[in-house]
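The values are calculated or read from the model by the stated rules, or taken from the named source; none is laboratory data. Everything quoted here is computed from the prediction, not taken from an experiment. Positions of Cβ are generated from backbone atoms using ideal geometry, with glycine treated the same way; all protein chains shown enter the neighbour counts. Just so you know, the surface numbers come from the protein's heavy atoms only, side chains and all, with ligands and any DNA or RNA stripped out. Shrake-Rupley method; radii C 1.70, N 1.55, O 1.52, S 1.80 Å.
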Amino acid sequence: MTGAYNKTVLGCGLLLILVGGTRPQTPAPGASNQTPEAASQPAVPAQAKEQTPTQVYESATVLKSITRLVVVDVVATDKNGAITDFKQDDFTLLEDGKEQKIRVFNFQQPHPNGPRAVALSASKPPENVYSNIARFSTSSALNILLLDALNTNLPHQAYVRDQMIRYLQKMPEGQPVAVYTLGTKLTLLQDFTDDPEVLKKVARGIKSFVSPLQDNPTGGPDTELLPAGLADSGMISAQALDAMQTFEQERVAFQTDLRIAYTINALTSIARSLSGYPGRKNLIWVSEAFPLSIDPNMELTGNTFAGTRNYGPQIAAAADSLIDAQVAMYPIDARGLVPSSVFDAANSGRDKFGRSMSRPDRLGTAISNESAELQNVHGAMQEMADRTGGRAFYNTNGIDSAIRNSIEDGSTYYTLAYYPENKNWNGKFRKIHVKVNRSGVRLRYRLGYFAVDPTLFAEKNHKQQDSAFALALSPDSPIATGLPFNALVLPPAEAAPNTVRVNFGVDPHAISFEKQADGLQHATLECTVQAFSAKGKRVRGELTTVKAALKPDTFSKVMGDMFPCQQAIDLEPGNYYLRLGVRDTRTGLIGTTNAKVAVASAAPAKP
């Protein structure tokens with residue numbers, strides 16, 4: 001875990017005092033009775049149980065981590081549109097060319113008069129109780145609209161906003177949408193709703209964002225680095241010009257590195273936020289996008305490979321996070337139909353070094369470079385769509401139609417699931433192939449998955465897992481729902497006027513338990529409380545590691561109720577925002593939520 005955290009490792013034996021009635025398949029919140037002191041604390045009120053859906057742990061992420069079930073959503077279309085009459089026997093599913101037995105099969109399509117997306121609990125949660133459990137239930141696939149301002153200039157942002165409003169004018173009922181924007185941080189503007197009026201109000205209120213990681217965020221011609229004609233006059237040596245070109249290429253590559261890092265983190269955070277929701281989710285990413293690679297220097301300066309980058313591994317990792325959360329990517333190029341800037345009327349006829357483009361070799365190189373960059377961008381969009389089972393839209397000015405088609409495409413689908421016959425979890429990529437016994441059908445589904453043993457992944461990637469947990473605990477990250485829990489935040493008591501206690505009740509069905517030679521069920525869970533000031537500055541953080549070794553009867557009780565954990569944190573008087581987090585250290589599953597607490601000043605002592 002990155003950062004400074006106080007870690008308390010508890011013994012392998014865990015004493016559980018269950019409070020209230022049991023509720024199978026539901027994480028019932030309660031106090032963590034790890035010590036006599038903890039046992040004296042009140043439990044989370046029973047009313048909090050009403051917020052918990054009975055199948056919250058059956059998300060694709062949890063199924064993969066706990067049971068190794070591989071979930072494959074399949075969109076089937078022909079020339080007439082979506083196909084809705086397939087049965088399980090019509091499908092053949094293969095992994096690396098070998099047929100697999102389909103263990104789960106169902107079909108999902110939107111219903112025009114179906115129930116709207118609603119909160120799972122209309123009642124107000126009990127005071128000081130906070131939760132990360134999925135809050136919405138719907139009969140349709142969930143849709144997430146991500147407006148990417150980090151990688152999109154201002155004119156295109158304005159065009160996208162107008163196109164979004166145009167789509168919402170004729171938005172069909174029963175298709176819930178959430179809206180995010182991406183600048184230097186990811187922001188949730190609107191949680192899931194299928195109310196067009198609410199979404200239109202959000203769309204009209206979206207403010208333009210000037211990206212600090214674009215050379216020309218306002219659009220128009222690029223800035224020339226040298227006066228016109230100076231480089232062609234011979235007044236600058238070839239060696240100096242070559243050095244300037246190399247520096248410029250490295251600068252652009254470094255800037256792109258930052259854009260990639262911000263964007264990948266945002267996509268991963270969205271996947272983590274959606275992982276607790278069962279069923280398919282469609283992520284509609286409207287962006288000018290970023291390149292899959294930066295080609296070697298095509299102008300043959302002194303360093304032929306100056307600025308060379310390949311972002312394939314990062315994109316593959318982000319796609320894998322989306323796949324685990326059952327999210328399909330639908331990238332849309334915010335530029336629409338992209339003409340060549342070389343022949344644009346606003347083009348000065350010079351490159352960024354002030355050199356004339358009238359020479360045939362320079363003109364040809366500029367056209368070739370621009371074409372290669374556009375292919376890289378569209379290639380990245382296509383790869384993300386193909387890997388996750390979505391669809392990419394580019395070279396079209398109808399962005400509103402692309403949004404509509406994305407939602408329609410991802411709302412009618414078949415879900416197939418299987419346990420792989422190959423039990424060798426060697427970390428290699430396994431290709432998935434789906435066939436049907438009918439001609440003229442086009443199938444769209446995930447390309448495959450990495451055969452990583454989820455219970456060993458965290459052990460082999462400590463730094464990666466710690467970095468992921470640190471990102472999830474950032475107040476700017478969306479709430480992570482992969483490991484569901486409820487938490488009761490207890491303000492300081494008179495005996496300890498600065499100590500805030502948090503009692504976690506974690507869904508045991510999402511925790512990876514392992515029965516070992518001693519006959520006990522073992523699991524390791526981390527729970528943490530991070531305190532931030534009103535201005536968002538981190539003040540303090542505390543983390544506890546619970547190592548549980550449960551006897552059969554205790555394990556049975558836990559699985560029928562909750563897994564407890566308690567964390568205390570000492571804070572000076574003031575108002576604080578808390579980021580509460582839990583992590584299963586064997587699978588890497590993460591859950592987070594936000595809370596708040598006020599620490600009052602100690603009363604003066606009586607004379």
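Some points to look at:
- The test for being open to solvent by less than 30 Å² (accessible area, probe 1.4 Å) and either touching a residue at least 12 places away in the same chain (Cβ under 8 Å) or part of a strand (DSSP E or B) (or both) holds for Ala531.
- Hits in the stretch 193-211 - residues which are of a type outside the set (Lys, Arg) and closer than 19 Å to Leu182 by Cβ: Leu199, Val202, Ala203, Gly205, Ile206, Ser208, Phe209, Val210, Ser211
- Residue check, Pro155 at pLDDT 75 or above and either open to solvent by less than 10 Å² (accessible area, probe 1.4 Å) or not in a helix (DSSP H, G or I) (or both): no
- Some residue of the stretch 583-590 being within 24 Å of Arg68 (Cβ to Cβ), polar (S, T, N, Q) and at pLDDT below 95: yes
- Taking the numbered list (1) open to solvent by 40 Å² or more (accessible area, probe 1.4 Å); (2) within 27 Å of the chain's Cα centre (by Cα) in turn, Ala76 passes all entries but (1).
- Every residue from the stretch 552-587 that is open to solvent by 50 Å² or more (accessible area, probe 1.4 Å) and either without any contact (Cβ under 8 Å) to a residue 12 or more places away in the chain or touching a Ser or Thr at 6+ places or on another chain (Cβ under 6 Å) (or both): Asp553, Ser556, Asp570, Pro573
- The combined condition, being open to solvent by less than 30 Å² (accessible area, probe 1.4 Å), of a type in the set (Gly, Ala, Ser), farther than 30 Å from Asp570 by Cβ and free of Cβ contacts under 8 Å to residues at least 60 places away in the same chain, is not fulfilled by Ala392.
Let's see how each residue does on (1) within 26 Å of His111 (Cβ to Cβ); (2) surrounded by fewer than 17 Cβ atoms within 10 Å (Cβ to Cβ):
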| site | (1), (2) |
| --- | --- |
| Gln190 | yes, no |
| Thr193 | yes, no |
| Lys200 | yes, yes |
| Arg204 | no, yes |
| Pro212 | no, yes |
| Gly234 | no, yes |
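- Total residues in the stretch 487-514, condition open to solvent by 30 Å² or more (accessible area, probe 1.4 Å), under 30 Å from Pro454 (Cβ atoms) and part of a loop (DSSP other than H, G, I, E, B): 1
- Matching residues, the stretch 79-96, being open to solvent by less than 60 Å² (accessible area, probe 1.4 Å) and either closer than 30 Å to Gln521 by Cβ or not hydrophobic (A, V, I, L, M, F, W, C) (or both): Gly81, Asp90, Thr92, Glu95
- The stretch 324-362: number of residues that are over 19 Å from Gly220 (Cα atoms) and modelled with pLDDT under 75: 5
- When Thr263, Thr218, Thr223 are checked against the criterion of being surrounded by 14 or more Cβ atoms within 10 Å (Cβ to Cβ) and either at pLDDT below 85 or among the β-branched types (Val, Ile, Thr) (or both), Thr263 stands alone in meeting it.
- With respect to the conditions (1) within 22 Å of Asp361 (Cα to Cα); (2) loosely packed, with under 12 Cβ neighbours inside 10 Å, Ala228 lacks only one, and its number is (2).
- The set of residues in the stretch 534-555 being among the small types (Gly, Ala, Ser) and outside any loop (DSSP other than H, G, I, E, B) consists of Gly541, Ala548, Ala549.
- Pick from the stretch 134-148, criterion under 20 Å from Thr592 (Cβ atoms) and in contact with an Asp or Glu (Cβ under 8 Å, 6 or more places away or on another chain), ranking: modelled with the highest pLDDT: Arg135
- Cβ pairs under 6 Å, 6+ apart, first in the stretch 404-419 and open to solvent by 20 Å² or more (accessible area, probe 1.4 Å), second in a helix (DSSP H, G or I): Arg404/Tyr167
- Consider the stretch 534-551 and keep the residues that are open to solvent by 10 Å² or more (accessible area, probe 1.4 Å) and aliphatic (A, V, I, L, M). The one that is nearest to Phe504 (Cα to Cα) is Ala549.
- Filter pass, Asp518 being under 12 Å from Val582 (Cα atoms), acidic (Asp, Glu) and in contact (Cβ under 8 Å) with a residue 24 or more places away in the chain: no
- In the stretch 420-442, the qualifying residues are those that are open to solvent by 40 Å² or more (accessible area, probe 1.4 Å) and over 24 Å from Ser65 (Cα atoms), and the one that is nearest to the chain's Cα centre (by Cα) is Arg442.
- Within the span defined as the stretch 476-484, one or more residues are at pLDDT below 90 and open to solvent by 50 Å² or more (accessible area, probe 1.4 Å).
Quick grid of which residues meet (1) under 30 Å from Met562 (Cβ atoms); (2) of a type outside the set (Phe, Trp, Tyr); (3) at pLDDT below 70:
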residue	(1), (2), (3)
Ala43	yes, yes, yes
Tyr57	yes, no, yes
Leu63	yes, yes, no
Asp78	no, yes, no
Phe91	no, no, no
Gln100	no, yes, no
Pro110	no, yes, no
